[in-house]
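**Student:** The structure that follows is given in the form of structure tokens.
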Amino acid sequence: MGKIKILTDSCSDLGKETRQMYDIDYCRMNTQYDGKETPASLDWEYYTPKSLYDIMRDGNRVFTTQVPPEEFVKVFGKYASEGYDIIYIGCSLKQSGSVNIGKSVAQDIMKEYPDIKIFCIDSKHASTGEGMIAIRAAEYRDQGLDAETIVSKVTEDIKYCHEFCTVHTLDCLKRAGRVKASSAFFGNLLGVKPIIIADAEGDQTAIKKVKGRKAALDEIVTLLADAVENSEEQTLFISHADCIEEAEYVKKQIEEKIPCKEIRIEYMGPIIGSSIGPSGMAVFGWGKEITFKSGDKYEQ
């Protein structure tokens, strides 16, 4: 069996330590602000988390791009030249066209390296949900599975990856076209916080509203506790948009309510952060099959 490289992109929100732990690399998208375009680095070389989120706190919008074709050429080409088969786990196609760009570039790379296989998978997720699917692929690789088997298993696993997210407002997500919900969720409701999930079709969908920030943080933990299965065997993830103290609070709530192997806290990187806005918070775990679609009535 040949070597296999697992790749994801800037939407995966996997920090350096986590990527190194699972031997995962990523393809960079870009951010655009004040006439300057910079790579959307998950290691924060171009902005600190505070500086990026302060731009948004001041009322400015940071724009984002898909993974440029030349980035795929560079990253796919690097690993193909080293003899790796490649599995790229990309952001939901409902939120980014990067997977389709990757597929197009992959065809050219495989012509240049005919012994190499490149697979591009729509994760139907973003943020650490996407990252968790890449981690699952890396775990299968480390078990010695071949690339085709990994792709088959991960494609099935996607429907069991849960995200529960809350934000201060839906304004950033709405402007970026990344959330699907009824107009009621976009009302100017003082103190009401939306709860968002990744649904079965890959949409970010607001499912309910909760009064108050603390109640919203508690609610995403409660929803995760209801959704996860075999939690004792899992690493659960928290992703936050520059609100580390609240992330620590969420971690404590998870520790009290959900027995698990480990809880890891990650920053929402420049792409997801620019879309979700400051103080976004999300929790992630593996559990029941996700069948909910936008327009359905959400039932716990």
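A short reminder: the numbers here are calculations on the coordinates, not readings from a lab. Owing to the predicted nature of the structure, the values given are computational and were not obtained by experimental measurement. No Cβ is skipped: glycine too gets one built from the backbone with ideal geometry, and neighbour counts run over all protein chains shown.
**Student:** Take the Cα of residue 152, step 7 Å along the line toward its Cβ, and report every residue of the stretch 102-135 whose backbone nitrogen sits under 19 Å from that point.
**Tutor:** 117-122
**Student:** How about residue 261: which lysines have a C-alpha closer than 16 Å to its C-alpha, ignoring those fewer than 8 places off in the same chain?
**Tutor:** Leaving aside lysines fewer than 8 places away in the same chain, those within reach of residue 261 are 251, 252.
**Student:** Further, regarding this structure: Looking at the chain, which longest stretch skips every one of the trypsin sites (Lys or Arg not before Pro) that is in a DSSP loop with at most 11 other Cβ atoms within 10 Å, leaving the sites themselves out? Intermediate values should be presented prior to the final figure.
**Tutor:** Values: sites that count: 261, 297.
No qualifying site falls inside 1-260, the longest such stretch.
**Student:** What helices in the chain pass both tests, a Cα length along the helix axis of 18 Å or more and a mean Kyte hydropathy of -1.0 or higher, using whole DSSP H runs? Intermediate values should be presented prior to the final figure.
**Tutor:** Working: long enough: 98-112 (21 Å, -0.18); 127-142 (23 Å, -0.42); 213-227 (21 Å, 0.51); 244-257 (20 Å, -1.36).
Counting only whole DSSP H runs, the qualifying helices are 98-112, 127-142, 213-227.
**Student:** A further question on this structure: If the viscosity is 0.890 mPa s and the temperature 25 °C, what translational diffusion coefficient in µm²/s does Stokes-Einstein give for the stretch 20-82 when Rh comes from Kirkwood over Cα pairs? Each step should come with its number before you reach the end.
**Tutor:** Working: Rh = 13.3 Å.
My calculation gives 184 µm²/s for D.
**Student:** What value does the stretch 218-300 have for Rg/Rh, both radii from Cα atoms and Rh as Kirkwood defines it?
**Tutor:** Result for the stretch 218-300 is an Rg/Rh of 0.98.
**Student:** Mean separation of Cα pairs under 8 Å and 6+ residues apart, divided by the residue count of the chain: what relative contact order is that in percent? Don't skip to the end; give the middle numbers.
**Tutor:** Working: 627 pairs, mean separation 65.7, N = 300.
For the chain, the relative contact order is 22 percent.
**Student:** Could you sort out which of 257/293; 94/257; 5/111 sit more than 22 Å apart by Cα distance in this structure?
**Tutor:** 257/293; 94/257
**Student:** What is the fewest-to-most order of 31, 18 by other Cβ atoms lying within 10 Å of their Cβ?
**Tutor:** 18, 31
**Student:** Let me ask something else about it. From zero up to wherever the largest Cα-Cα distance of the stretch 3-158 sits, split into 5 Å bins and tell me the percent of pairs in each.
**Tutor:** 2, 9, 19, 21, 21, 14, 7, 4, 2, 0, 0
**Student:** While we're looking at this one, here's another question. Do you know the relative contact order of the stretch 76-124, to the nearest whole percent, from alpha carbon pairs under 8 angstrom that are 6+ apart? Provide the component values of the computation, followed by the final result.
**Tutor:** On the way: 64 pairs, mean separation 24.5, N = 49.
Once divided by the residue count of the stretch 76-124, the mean separation gives 50 percent.
**Student:** Label points 7 Å out from Cα along the Cβ direction at residue 211 and residue 230: separation in nm?
**Tutor:** It is 4.1 nm.
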